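Only one structure is covered here, and it is reproduced in the block below.
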Amino acid sequence: MKIGFIGLGNMGGPMAANLIKAGHEVTVFDLSAVAVQAARDAGAQVAACPKDAAKGARTVVTMLPNAAIVRSVLTADDGVFAGCDNGVTIIDSSTIDPHTSRVMAEAAEKRGLTFVDAPVSGGTGGAQAGTLTFMVGGSDEQFESVTPVLKCMGKNIVHCGGVGTGQVAKICNNLVLGITMAGTAEAMSLGESLGIDPQVLAGIMNTSTGRSWSSETYNPYPGIVETAPSTRGYTGGFGTDLMLKDLGLAADAARSAKQPAYMGAIAQQLYQTLSSRGSGNLDFSAVINLYRMG
Ligand code: NAD
């Protein structure tokens, strides 16, 4: 199948490469010459603008930093919508707010196109290995039609409901992740300062009711989990600034739903403080440094 792909960053680059490996004809566009060259090396055709990347494609995938960029890449004069033939499906895998996804879906429908949101979890490792989880928002029929393409890039393809619900799932998951990580960091630091061996404390948590992915797989205290970023100086993993972006999306979504998000607001301030101290590029589990260094 002919596929257009826009946004070849840490996630999009390997995702596009996996589509090529699966036998699709992929035409790419990105503002970064380095990213474009890497895609060319992987076997992609290169377009001069999003409109050209969409020409002749049956599906267009976007993997971009934020909602404003998704809007402009889709709707600009040289954007994706302008290049699509009737009936083309646009899959947006960027993490953005659900409202923008719904607005883009309406705009696509008016032009005889289909738009589904399909944000991912699994990080850059999952993007490379083709084992991402896709959270898809769209009708049953749309979900069926995008699944074969998404299977080339991911392992778990989940239908969350109508358009926008993929983003809702992603935002709510990362809201609880940001909170449990901050809570685990707080408890591990308190335990350390009260004199318990952190390894013993983590063991108790992980066989008790304090257990979570943050305590068990990704413990923020260095040396507890060999494969966790905390054990390699908080490098790699999921950046603090990306967590901050997702908590900002959760806060905006909560405001628009007139729904309180107390814990999210506190977590957001913690990661904001970490970022303002120059650690925005460190893995988000470095939030423990606010307790251990303070
Ligand atoms: P990235 O910054 O590495 O890549 C973004 C790419 O978009 C860059 O190559 C950039 O040049 C390109 N770009 C920016 N503006 C553009 C434009 N107008 N036209 C064409 N290309 C443009 O980001 P990433 O880590 O690949 O993340 C992409 C999306 O996936 C984000 O929405 C992020 O929140 C989400 N996400 C990231 C991760 C992760 O672990 N990195 C995990 C899950 C979801």
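The values are calculated or read from the model by the stated rules, or taken from the named source; none is laboratory data. A quick note: this is a predicted structure, and the numbers were derived from the prediction, not measured. Neighbour counts are summed over all protein chains in view; Cβ atoms, including those assigned to glycine, are modelled from backbone coordinates with ideal geometry.
Can you tell me which condition Thr209 does not meet? The list is (1) surrounded by fewer than 15 Cβ atoms within 10 Å (Cβ to Cβ); (2) touching a residue at least 24 places away in the same chain (Cβ under 8 Å); (3) more than 18 Å from the chain's Cα centre (by Cα), and all the others hold.
Going through the list (1) surrounded by fewer than 15 Cβ atoms within 10 Å (Cβ to Cβ); (2) touching a residue at least 24 places away in the same chain (Cβ under 8 Å); (3) more than 18 Å from the chain's Cα centre (by Cα), Thr209 breaks only (2).
So, restricting to helices (runs of 4 or more DSSP H) that lie completely within the stretch 206-294, which ones have at least 2 residues that are among the hydroxyl-bearing types (Ser, Thr, Tyr)?
213-216, 240-256, 262-274
Which one of the conditions (1) touching a helix residue (DSSP H, G or I) at 6+ places or on another chain (Cβ under 6 Å); (2) surrounded by fewer than 18 Cβ atoms within 10 Å (Cβ to Cβ); (3) more than 26 Å from Leu242 (Cβ to Cβ) does Cys84 fail to meet, given that it meets all the rest?
(2)
Could you please find all residues in the stretch 123-154 being touching a helix residue (DSSP H, G or I) at 6+ places or on another chain (Cβ under 8 Å) and closer than 29 Å to Glu106 by Cα?
Ala127, Leu132, Thr133, Phe134, Met135, Val136, Gly137, Gly138, Val149, Cys152, Met153, Gly154
For the stretch 21-45, name all the residues that are more than 12 Å from the ligand (Cβ to nearest atom) and touching a strand residue (DSSP E or B) at 6+ places or on another chain (Cβ under 7 Å). Please lay out each step first, then the result.
First pass over the stretch 21-45, keeping only residues more than 12 Å from the ligand (Cβ to nearest atom): 21-27, 40-45.
Selection gives His24, Glu25, Val26, Thr27, Arg40, Ala44, Gln45.
Is the stretch 152-161 home to any residue that is among the basic types (Lys, Arg), within 14 Å of the ligand (Cβ to nearest atom) and under 20 Å from the mean Cα position of the chain (by Cα)?
The answer is no, given that none of the residues of the stretch 152-161 is among the basic types (Lys, Arg), within 14 Å of the ligand (Cβ to nearest atom) and under 20 Å from the mean Cα position of the chain (by Cα).
What do you reckon, is Ala76 within 9 Å of the ligand (Cβ to nearest atom), surrounded by fewer than 20 Cβ atoms within 10 Å (Cβ to Cβ) and either within 23 Å of the chain's Cα centre (by Cα) or not assigned by TED's automatic domain parsing to the domain that holds Ser145 (or both)?
For Ala76, the condition - within 9 Å of the ligand (Cβ to nearest atom), surrounded by fewer than 20 Cβ atoms within 10 Å (Cβ to Cβ) and either within 23 Å of the chain's Cα centre (by Cα) or not assigned by TED's automatic domain parsing to the domain that holds Ser145 (or both) - is not met.
On the given criteria, is Arg58 among the basic types (Lys, Arg), in contact with a Gly (Cβ under 9 Å, 6 or more places away or on another chain), under 22 Å from Leu249 (Cα atoms) and in contact (Cβ under 8 Å) with a residue 12 or more places away in the chain? Walk me through how you get there before you give the answer.
Values: among the basic types (Lys, Arg): yes; in contact with a Gly (Cβ under 9 Å, 6 or more places away or on another chain): yes; under 22 Å from Leu249 (Cα atoms): no; in contact (Cβ under 8 Å) with a residue 12 or more places away in the chain: yes.
Against the criterion (among the basic types (Lys, Arg), in contact with a Gly (Cβ under 9 Å, 6 or more places away or on another chain), under 22 Å from Leu249 (Cα atoms) and in contact (Cβ under 8 Å) with a residue 12 or more places away in the chain), Arg58 does not qualify.
Considering each of Ala33, Ala47 in turn, give the residue that is surrounded by fewer than 16 Cβ atoms within 10 Å (Cβ to Cβ) and either farther than 22 Å from Lys151 by Cα or of a type in the set (S, T, N, Q) (or both).
Result of the check over Ala33, Ala47: Ala33.
Residue check: is Asn18 under 22 Å from the mean Cα position of the chain (by Cα) and modelled with pLDDT under 95? First the steps, then the outcome.
Details: under 22 Å from the mean Cα position of the chain (by Cα): yes; modelled with pLDDT under 95: no.
Against the criterion (under 22 Å from the mean Cα position of the chain (by Cα) and modelled with pLDDT under 95), Asn18 does not qualify.
Can you tell me which residues in the stretch 93-103 are closer than 26 Å to Asn10 by Cβ and away from the ligand (no atom under 14 Å from the Cβ)?
Answer for the stretch 93-103, where residues must be closer than 26 Å to Asn10 by Cβ and away from the ligand (no atom under 14 Å from the Cβ): just His99.
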